[in-house]
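Colleague: Let me give you the structure first, and then I'll get to my questions.
The values are calculated or read from the model by the stated rules, or taken from the named source; none is laboratory data. Computed from a predicted model, the values in this text were never measured in an experiment. For neighbour counting, all protein chains shown are included, and Cβ atoms are generated from backbone atoms with ideal geometry for every residue, glycine included. Accessible surface is based on the protein model in full, side chains and every heavy atom, while ligands, DNA and RNA are left aside. Shrake-Rupley method; radii C 1.70, N 1.55, O 1.52, S 1.80 Å.
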Amino acid sequence: MTRPPVKALFWDIGGVLLSNGWDRDQRKEVVTEFGLDADDFQERHKLIVPELELGRLTLDDYLNQTVFCRPVEFDKAAFVAAMEAQSVPDEAALKLLQHLAGSWRMYALNNESRELNAHRRRTFSLDGPLLAFFTSCYLGLAKPNPAIYRLALDLAGVQPGQAVMIDDRLQNVEAARSVGMQAIQFKDAAQLQAELEELGVRA
Ligand SMILES: [Mg+2]
């Protein structure tokens, strides 16, 4: 069976272009830095974080329930700054993104809270190469729900087979394939570039 030519690329951000925003490792680091009770924080986080990533809860309300639910000796701004400092770029992946931007339609398709997504878009100039952000906090849906892939394809006006999803998590890659997208599991920029070239995607 011949594959339709690729028209658009959909990028995950955490674990691909940047470090994860607020995943296990980032939380562990900040929880240790601020001397929080890790188990209590984790329980509280687990209960409320889906609402944060689906855009139905502000970061302020999230922090009120998970961190500032008892007296602490630091302020919210310091804690948010530490959260934001966890976002670091994968320079090689960002370079590849910039390199492809002139030739390809590219979009973000990622799970993130509104506040962290805004910080990451701004800090790492993602709005240049990425034409739109199909992010869980804006769409009210999250990967790996197949519905978010279908919605992103509809909004971008791209047929599933003409789209390539790039994601570091296997379950998200499998979900993209389940709706008919082509998909690459990201390991590093060199592997991604090679696999994209096999699909005819080069700058
Ligand atoms: Mg990821």
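Colleague: From the protein chains alone at 1.4 Å, what is the descending order of accessible area for Val30, Val49, Val88, largest first?
Modeller: Val88, Val49, Val30
Colleague: Oh, and also: Mind giving me the FRET efficiency for Ala78 and Ala190? R0 is 22 Å, r the Cβ-Cβ distance, nearest 0.05 is fine.
Modeller: Step by step, r from the Cβ atoms, then E = 0.05.
Colleague: Then there is this: I'd like the orientation of helix 189-198 relative to the chain: the angle between its Cα long axis and the longest Cα principal axis, in ° from 0 to 90, rounded to 10.
Modeller: Approximately 30 degrees, to the nearest ten.
Colleague: If you don't mind, another one. Quick check: convex hull over the Cα atoms of the range 24-85, volume per residue in Å³, rounded to an integer?
Modeller: Hull volume over Cα atoms, normalised by residue count, gives 83 Å³.
Colleague: For the chain, modelled as a Gaussian network with Cα springs under 10 Å, which listed residue fluctuates most, Ala132, Ala118, Ala93?
Modeller: Sorting by GNM fluctuation, first place goes to Ala118.
Colleague: Quick check: the distance between the Cα centres of the range 126-203 and the range 26-66, to the nearest angstrom?
Modeller: 27 Å
Colleague: Across the chain, how large is the tail of the calculated P(r) beyond 26 Å, expressed as a percent of all Cα pairs?
Modeller: 34 percent
Colleague: Once you've got the GNM for the chain with C-alpha springs shorter than 10 Å, pick whichever of Ala175, Ala183, Ala77 has the biggest mean-square fluctuation.
Modeller: Per the Cα network of the chain with a 10 Å cutoff, Ala77 tops the list.
Colleague: Among DSSP beta bridges whose residues both lie in the chain, state the antiparallel percentage, nearest 5.
Modeller: Bridges in the chain that DSSP calls antiparallel: roughly 5 percent.
Colleague: Give me the one-decimal nm value for the distance between modelled label points at Ala147 and Thr123, 7 Å along each residue's Cα-to-Cβ direction.
Modeller: 3.1 nm
Colleague: Taking only Cα atoms and a 10 Å spring cutoff, compute GNM fluctuations for the chain and point out the largest among Val16, Val72, Val80.
Modeller: Val72
Colleague: How big is the Cα convex hull of the range 62-105 in projection, averaged over all directions, in nm²?
Modeller: With every direction weighted equally, the projected area is 4.8 nm².
Colleague: Any aspartates and glutamates with Cα under 20 Å of the Lys95 Cα? List them, leaving off those in the same chain fewer than 8 positions away.
Modeller: Asp12, Asp127, Asp167, Asp168, Asp188, Glu195, Glu197, Glu198
Colleague: Going Cα to Cα from Lys46, which lysines come in below 29 Å? Please leave out same-chain ones fewer than 8 positions away.
Modeller: The reachable lysines, counting only those whose Cα sits under 29 Å from Lys46, are Lys28, Lys76, Lys143, Lys187.
Colleague: Nearest 500 deg cm²/dmol is fine: what mean residue ellipticity at 222 nm does the chain get from its DSSP H runs of n ≥ 4 alone, each adding -39,500 (n - 2.57), divided by its residue count?
Modeller: After summing the helix terms and dividing by residue count, I get -14500 deg cm²/dmol.
Colleague: Let me ask you something else. Going by alpha carbons, how many degrees (0 to 90, nearest 10) lie between the helix axis of 24-33 and the longest principal axis of the chain?
Modeller: In the chain, helix 24-33 runs at an angle near 30 degrees to the longest axis.
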